[in-house]
Amino acid sequence: MMIELAHRDLYSVPDAAGVQIRCQAGSLWITLDHDTRDIVLDPGQSFSTPEHRRALIFALGPACVSLEPANGSAREGGGWSRARLQATPIAVGA
């Protein structure tokens, strides 16, 4: 799944476990619920986690992000569902 983001767009991935978040263009800031890390991705960089947490993806400028199964997550019987690749836009106040 490929998503085009405008500057300051915010998307939520409800369960980021096994989802590879790859920056295709621009720069992205990613954070996980209850995780103190800040992850910044530039074009060609990716992030994935085995933890079942919500991920927020914020566009630091116009950007493009892809969401795909992380390596090994799509194995048969591994509980992977394409439904996990859902991302919901979140309205950010002006």
Assuming Ala17 fulfils every condition listed in (1) open to solvent by 20 Å² or more (accessible area, probe 1.4 Å); (2) aliphatic (A, V, I, L, M); (3) in contact with a Pro (Cβ under 7 Å, 6 or more places away or on another chain) apart from one, which condition is it?
(1)
Could you tell me whether any residue of the range 1-12 is surrounded by fewer than 16 Cβ atoms within 10 Å (Cβ to Cβ) and touching a helix residue (DSSP H, G or I) at 6+ places or on another chain (Cβ under 7 Å)?
yes
Identify all residues within the range 21-47 that are open to solvent by less than 70 Å² (accessible area, probe 1.4 Å) and either at pLDDT below 95 or among the hydrophobic types (A, V, I, L, M, F, W, C) (or both); write none if there are none.
Ile21, Cys23, Ala25, Leu28, Ile30, Leu32, Asp35, Ile39, Leu41, Phe47
Scan the range 52-59 and tell me whether some residue there is part of a loop (DSSP other than H, G, I, E, B), modelled with pLDDT under 75, closer than 20 Å to Leu10 by Cα and open to solvent by 70 Å² or more (accessible area, probe 1.4 Å).
no
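For the range 16-46, which positions are part of a strand (DSSP E or B) and either over 16 Å from Met2 (Cβ atoms) or small (Gly, Ala, Ser) (or both)?
Ala17, Ala25, Trp29, Ile30, Thr31, Leu32, Ile39, Val40, Ser46, listed by residue number.
The values are calculated or read from the model by the stated rules, or taken from the named source; none is laboratory data. Here the structure is a predicted model, which is why all the values come from computation and not from measurement. Neighbour counts run over all protein chains shown; Cβ positions are idealised from the backbone, glycine included. What goes into the accessible areas is simple: the full protein's heavy atoms, side chains included, and nothing from ligands, DNA or RNA. Shrake-Rupley method; radii C 1.70, N 1.55, O 1.52, S 1.80 Å.
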